[in-house]
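The values are calculated or read from the model by the stated rules, or taken from the named source; none is laboratory data. Note that the structure is a prediction, hence the values are computed from the model and not measured. With ideal geometry, Cβ positions are generated from the backbone for all residues, glycine too; neighbour counts draw on all protein chains shown. With ligands, DNA and RNA removed, areas are computed over all heavy atoms of the protein, side chains included. Shrake-Rupley method; radii C 1.70, N 1.55, O 1.52, S 1.80 Å.
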2 protein chains.
Amino acid sequence: MKRYHCAVELAVDVIGGKWKPVILSHLKEGVHRYGELRRRMPGVSEKMLTQHLRELEADGLVRRDSLQGRVPHVEYRLTEDGERLRPALQALYDWGVQRAAGTGITFEPSPIH
Amino acid sequence: MKRYHCAVELAVDVIGGKWKPVILSHLKEGVHRYGELRRRMPGVSEKMLTQHLRELEADGLVRRDSLQGRVPHVEYRLTEDGERLRPALQALYDWGVQRAAGTGITFEPSPIH
DNA sequence: CTGTATCCCCGAGGATACTG
DNA sequence: CAGTATCCTCGGGGATACAG
(Lines give C-alpha, C1' and ligand atoms only; values in the text may rest on other atoms or scores of the structure.)
Protein backbone atom coordinates (compact mmCIF):
# COMPACT_ATOMS: atom_id res chain seq x y z
CA MET A 1 0.00 0.00 0.00
CA LYS A 2 1.12 3.45 -0.83
CA ARG A 3 2.31 5.58 2.04
CA TYR A 4 2.49 9.28 2.50
CA HIS A 5 4.17 11.76 4.78
CA CYS A 6 1.30 14.19 4.89
CA ALA A 7 -2.45 14.16 4.46
CA VAL A 8 -2.25 16.81 1.78
CA GLU A 9 0.02 14.53 -0.19
CA LEU A 10 -2.69 11.90 -0.12
CA ALA A 11 -5.33 14.39 -1.16
CA VAL A 12 -3.29 15.59 -4.10
CA ASP A 13 -2.70 12.02 -5.15
CA VAL A 14 -6.46 11.48 -5.43
CA ILE A 15 -7.81 14.79 -6.69
CA GLY A 16 -4.66 16.00 -8.42
CA GLY A 17 -4.72 16.34 -12.15
CA LYS A 18 -5.52 19.30 -14.28
CA TRP A 19 -9.27 18.78 -14.41
CA LYS A 20 -10.33 16.70 -11.45
CA PRO A 21 -10.99 19.59 -9.07
CA VAL A 22 -12.93 21.34 -11.82
CA ILE A 23 -15.09 18.30 -12.46
CA LEU A 24 -15.72 17.86 -8.77
CA SER A 25 -16.61 21.48 -8.27
CA HIS A 26 -19.18 21.25 -11.02
CA LEU A 27 -20.63 18.11 -9.54
CA LYS A 28 -20.86 19.75 -6.16
CA GLU A 29 -23.43 22.05 -7.74
CA GLY A 30 -25.59 19.08 -8.58
CA VAL A 31 -26.02 16.08 -10.83
CA HIS A 32 -24.59 16.51 -14.30
CA ARG A 33 -24.80 14.54 -17.49
CA TYR A 34 -21.72 13.80 -19.52
CA GLY A 35 -22.58 16.37 -22.16
CA GLU A 36 -23.27 19.04 -19.59
CA LEU A 37 -19.84 18.58 -18.12
CA ARG A 38 -18.31 18.78 -21.56
CA ARG A 39 -20.08 22.03 -22.26
CA ARG A 40 -19.04 23.49 -18.95
CA MET A 41 -15.44 22.56 -19.58
CA PRO A 42 -14.64 23.48 -23.16
CA GLY A 43 -10.94 23.14 -22.49
CA VAL A 44 -10.81 19.47 -21.66
CA SER A 45 -10.66 16.78 -24.30
CA GLU A 46 -13.20 13.98 -24.29
CA LYS A 47 -10.48 11.52 -23.54
CA MET A 48 -9.35 13.31 -20.41
CA LEU A 49 -12.87 14.00 -19.23
CA THR A 50 -13.79 10.34 -19.50
CA GLN A 51 -10.52 9.19 -18.02
CA HIS A 52 -10.75 11.51 -15.04
CA LEU A 53 -14.37 10.55 -14.45
CA ARG A 54 -13.38 6.90 -14.44
CA GLU A 55 -10.60 7.51 -11.98
CA LEU A 56 -12.80 9.56 -9.69
CA GLU A 57 -15.34 6.77 -9.85
CA ALA A 58 -12.71 4.18 -9.05
CA ASP A 59 -11.56 6.29 -6.12
CA GLY A 60 -15.09 6.48 -4.81
CA LEU A 61 -15.58 10.21 -5.19
CA VAL A 62 -18.07 10.10 -8.03
CA ARG A 63 -20.99 7.85 -8.85
CA ARG A 64 -22.00 7.07 -12.40
CA ASP A 65 -25.59 6.15 -13.17
CA SER A 66 -26.52 4.94 -16.60
CA LEU A 67 -30.24 5.40 -17.10
CA GLN A 68 -32.02 3.16 -19.56
CA GLY A 69 -34.05 4.78 -22.27
CA ARG A 70 -34.44 5.42 -25.95
CA VAL A 71 -31.30 7.51 -25.87
CA PRO A 72 -28.13 7.11 -23.82
CA HIS A 73 -28.36 9.03 -20.59
CA VAL A 74 -25.67 9.01 -17.96
CA GLU A 75 -25.62 10.96 -14.74
CA TYR A 76 -22.67 11.82 -12.57
CA ARG A 77 -22.87 12.89 -8.99
CA LEU A 78 -20.68 13.11 -5.92
CA THR A 79 -20.58 10.18 -3.55
CA GLU A 80 -20.62 10.70 0.16
CA ASP A 81 -16.85 10.80 0.20
CA GLY A 82 -16.93 13.26 -2.66
CA GLU A 83 -19.37 15.42 -0.74
CA ARG A 84 -16.85 15.66 2.05
CA LEU A 85 -14.62 17.51 -0.37
CA ARG A 86 -17.17 20.29 -0.64
CA PRO A 87 -15.44 22.61 1.84
CA ALA A 88 -12.14 22.21 0.05
CA LEU A 89 -13.67 22.76 -3.37
CA GLN A 90 -15.59 25.78 -2.19
CA ALA A 91 -12.50 27.26 -0.58
CA LEU A 92 -10.54 26.70 -3.76
CA TYR A 93 -13.29 28.29 -5.78
CA ASP A 94 -13.52 31.29 -3.49
CA TRP A 95 -9.81 31.78 -3.59
CA GLY A 96 -9.85 31.62 -7.35
CA VAL A 97 -12.53 34.28 -7.51
CA GLN A 98 -10.58 36.57 -5.19
CA ARG A 99 -7.40 35.95 -7.08
CA ALA A 100 -9.07 36.70 -10.37
CA ALA A 101 -10.47 39.94 -9.01
CA GLY A 102 -7.10 40.96 -7.68
CA THR A 103 -5.26 40.28 -10.90
CA GLY A 104 -7.86 41.53 -13.33
CA ILE A 105 -8.53 38.12 -14.77
CA THR A 106 -12.01 37.51 -16.09
CA PHE A 107 -13.79 34.30 -16.92
CA GLU A 108 -15.12 33.40 -20.29
CA PRO A 109 -18.68 32.45 -20.76
CA SER A 110 -20.18 30.04 -19.90
CA PRO A 111 -20.48 31.62 -16.47
CA ILE A 112 -20.22 28.99 -13.90
CA HIS A 113 -22.85 28.68 -11.21
CA MET B 1 -3.65 37.15 -20.72
CA LYS B 2 -4.71 33.68 -19.93
CA ARG B 3 -8.42 33.11 -19.56
CA TYR B 4 -10.37 30.49 -17.72
CA HIS B 5 -13.88 29.16 -17.62
CA CYS B 6 -13.97 28.57 -13.91
CA ALA B 7 -12.31 29.90 -10.79
CA VAL B 8 -11.19 26.43 -9.81
CA GLU B 9 -9.37 26.17 -13.11
CA LEU B 10 -7.43 29.27 -12.18
CA ALA B 11 -6.66 27.96 -8.73
CA VAL B 12 -5.36 24.69 -10.11
CA ASP B 13 -3.20 26.56 -12.56
CA VAL B 14 -1.47 28.35 -9.69
CA ILE B 15 -1.29 25.75 -6.94
CA GLY B 16 -1.40 22.69 -9.15
CA GLY B 17 1.66 20.50 -9.23
CA LYS B 18 2.51 17.51 -7.19
CA TRP B 19 4.10 19.32 -4.29
CA LYS B 20 2.81 22.86 -4.21
CA PRO B 21 -0.14 22.22 -1.93
CA VAL B 22 2.12 20.26 0.38
CA ILE B 23 4.66 23.06 0.54
CA LEU B 24 1.94 25.61 1.19
CA SER B 25 0.34 23.52 3.88
CA HIS B 26 3.64 23.28 5.69
CA LEU B 27 4.18 27.00 5.41
CA LYS B 28 0.74 27.67 6.78
CA GLU B 29 2.03 26.15 10.01
CA GLY B 30 4.70 28.79 10.20
CA VAL B 31 7.96 30.03 8.77
CA HIS B 32 10.23 27.29 7.48
CA ARG B 33 13.79 27.17 6.33
CA TYR B 34 14.75 25.40 3.16
CA GLY B 35 16.22 22.44 4.97
CA GLU B 36 13.20 22.08 7.20
CA LEU B 37 10.96 21.81 4.21
CA ARG B 38 13.23 19.21 2.71
CA ARG B 39 13.13 17.15 5.85
CA ARG B 40 9.38 17.38 6.06
CA MET B 41 9.05 16.27 2.46
CA PRO B 42 11.42 13.38 1.93
CA GLY B 43 9.70 12.49 -1.32
CA VAL B 44 10.48 15.61 -3.28
CA SER B 45 13.75 16.16 -5.06
CA GLU B 46 15.76 19.28 -4.38
CA LYS B 47 15.20 20.39 -7.90
CA MET B 48 11.44 20.26 -7.63
CA LEU B 49 11.37 21.83 -4.19
CA THR B 50 13.43 24.77 -5.36
CA GLN B 51 11.51 25.07 -8.60
CA HIS B 52 8.14 25.02 -6.91
CA LEU B 53 9.27 27.51 -4.31
CA ARG B 54 10.43 29.84 -7.06
CA GLU B 55 7.13 29.55 -8.87
CA LEU B 56 5.11 30.12 -5.72
CA GLU B 57 7.25 33.15 -5.05
CA ALA B 58 6.72 34.46 -8.57
CA ASP B 59 2.99 33.94 -8.18
CA GLY B 60 3.02 35.91 -4.96
CA LEU B 61 2.00 33.13 -2.61
CA VAL B 62 5.31 32.73 -0.83
CA ARG B 63 7.92 35.16 0.38
CA ARG B 64 11.58 34.28 0.51
CA ASP B 65 13.85 36.02 2.98
CA SER B 66 17.57 35.50 2.83
CA LEU B 67 19.08 36.41 6.18
CA GLN B 68 22.69 37.51 6.30
CA GLY B 69 25.00 35.73 8.65
CA ARG B 70 27.95 33.46 9.03
CA VAL B 71 25.98 30.65 7.48
CA PRO B 72 23.33 30.75 4.76
CA HIS B 73 19.89 31.13 6.23
CA VAL B 74 16.75 31.39 4.14
CA GLU B 75 13.22 31.63 5.40
CA TYR B 76 10.03 30.93 3.54
CA ARG B 77 6.63 32.09 4.62
CA LEU B 78 3.19 32.66 3.15
CA THR B 79 2.35 36.05 1.75
CA GLU B 80 -0.99 37.61 2.40
CA ASP B 81 -2.37 36.04 -0.74
CA GLY B 82 -0.95 32.73 0.36
CA GLU B 83 -2.60 33.12 3.73
CA ARG B 84 -5.93 33.39 1.96
CA LEU B 85 -5.41 29.82 0.84
CA ARG B 86 -5.44 28.67 4.42
CA PRO B 87 -9.07 27.53 4.41
CA ALA B 88 -8.54 25.52 1.24
CA LEU B 89 -5.35 23.95 2.53
CA GLN B 90 -6.92 23.10 5.84
CA ALA B 91 -9.94 21.57 4.15
CA LEU B 92 -7.69 19.52 1.92
CA TYR B 93 -5.70 18.39 4.89
CA ASP B 94 -8.78 17.47 6.88
CA TRP B 95 -10.18 15.52 3.98
CA GLY B 96 -6.92 13.68 3.58
CA VAL B 97 -6.94 12.72 7.24
CA GLN B 98 -10.50 11.42 7.01
CA ARG B 99 -9.73 9.60 3.82
CA ALA B 100 -6.68 7.98 5.33
CA ALA B 101 -8.66 6.86 8.34
CA GLY B 102 -11.37 5.41 6.15
CA THR B 103 -9.00 3.49 3.96
CA GLY B 104 -6.57 2.35 6.60
CA ILE B 105 -3.73 4.41 5.24
CA THR B 106 -1.17 5.61 7.73
CA PHE B 107 1.45 8.28 7.48
CA GLU B 108 5.11 7.74 7.85
CA PRO B 109 7.11 9.67 10.33
CA SER B 110 7.87 12.58 10.37
CA PRO B 111 4.46 13.32 11.85
CA ILE B 112 3.12 16.42 10.34
CA HIS B 113 1.65 19.10 12.54
C1' DC C 1 -25.76 11.11 -26.60
C1' DT C 2 -21.91 8.90 -24.44
C1' DG C 3 -18.35 7.45 -25.02
C1' DT C 4 -13.54 4.27 -27.35
C1' DA C 5 -9.41 3.82 -29.86
C1' DT C 6 -4.99 5.59 -31.48
C1' DC C 7 -1.26 8.19 -32.02
C1' DC C 8 1.88 11.45 -30.36
C1' DC C 9 4.34 15.15 -27.94
C1' DC C 10 6.08 17.79 -24.49
C1' DG C 11 7.24 19.02 -20.19
C1' DA C 12 6.63 17.82 -15.21
C1' DG C 13 9.17 15.49 -12.39
C1' DG C 14 13.17 12.41 -10.82
C1' DA C 15 18.37 11.10 -10.14
C1' DT C 16 22.72 12.48 -9.52
C1' DA C 17 26.59 15.33 -9.08
C1' DC C 18 28.46 19.63 -8.01
C1' DT C 19 29.04 24.69 -5.65
C1' DG C 20 29.37 29.29 -2.99
C1' DC D 1 23.21 25.45 4.56
C1' DA D 2 20.89 26.40 0.38
C1' DG D 3 20.85 25.75 -3.49
C1' DT D 4 22.58 24.85 -9.39
C1' DA D 5 23.46 22.14 -13.27
C1' DT D 6 22.50 18.18 -16.27
C1' DC D 7 20.55 14.55 -18.10
C1' DC D 8 16.79 11.55 -18.76
C1' DT D 9 12.34 9.10 -18.29
C1' DC D 10 7.69 8.56 -18.29
C1' DG D 11 3.13 9.34 -18.59
C1' DG D 12 -0.23 13.18 -18.39
C1' DG D 13 -2.64 15.27 -21.57
C1' DG D 14 -4.02 16.73 -26.39
C1' DA D 15 -5.89 15.77 -31.29
C1' DT D 16 -8.45 13.20 -34.13
C1' DA D 17 -11.24 9.61 -35.79
C1' DC D 18 -14.53 6.26 -34.99
C1' DA D 19 -18.65 3.51 -32.59
C1' DG D 20 -22.93 1.69 -30.16
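Observations, loosely collected:
- Pair list, Cβ < 9 Å and 6+ apart or interchain, from region B:31-51 residues that are within 18 Å of B:Arg64 (Cα to Cα) to residues that are open to solvent by 50 Å² or more (accessible area, probe 1.4 Å) and of a type in the set (Lys, Arg): B:Val31/B:Arg77; B:His32/B:Arg40; B:His32/B:Arg77; B:Glu46/B:Arg38; B:Met48/B:Lys18; B:Leu49/B:Arg38
- Residue ID - farthest from A:Gln90 (Cα to Cα), chosen from residues in region A:20-33 that are within 12 Å of the chain's Cα centre (by Cα) and open to solvent by 30 Å² or more (accessible area, probe 1.4 Å): A:Val31
- Test result for B:Arg99, at the interface with chain A (Cβ under 7 Å from one of its Cβ atoms), among the charged types (D, E, K, R) and part of a helix (DSSP H, G or I): yes
- Hits in region B:44-56 (condition: away from chain A (no Cβ under 14 Å) and more than 10 Å from DNA strand D (Cβ to nearest atom)): B:Glu55
- Check on A:Tyr76, within 14 Å of DNA strand C (Cβ to nearest atom) and aromatic (Phe, Trp, Tyr): yes
- Only residues that are open to solvent by 70 Å² or more (accessible area, probe 1.4 Å), away from DNA strand D (no atom under 14 Å from the Cβ) and either of a type in the set (S, T, N, Q) or part of a helix (DSSP H, G or I) (or both) were counted in region A:58-89, giving 4.
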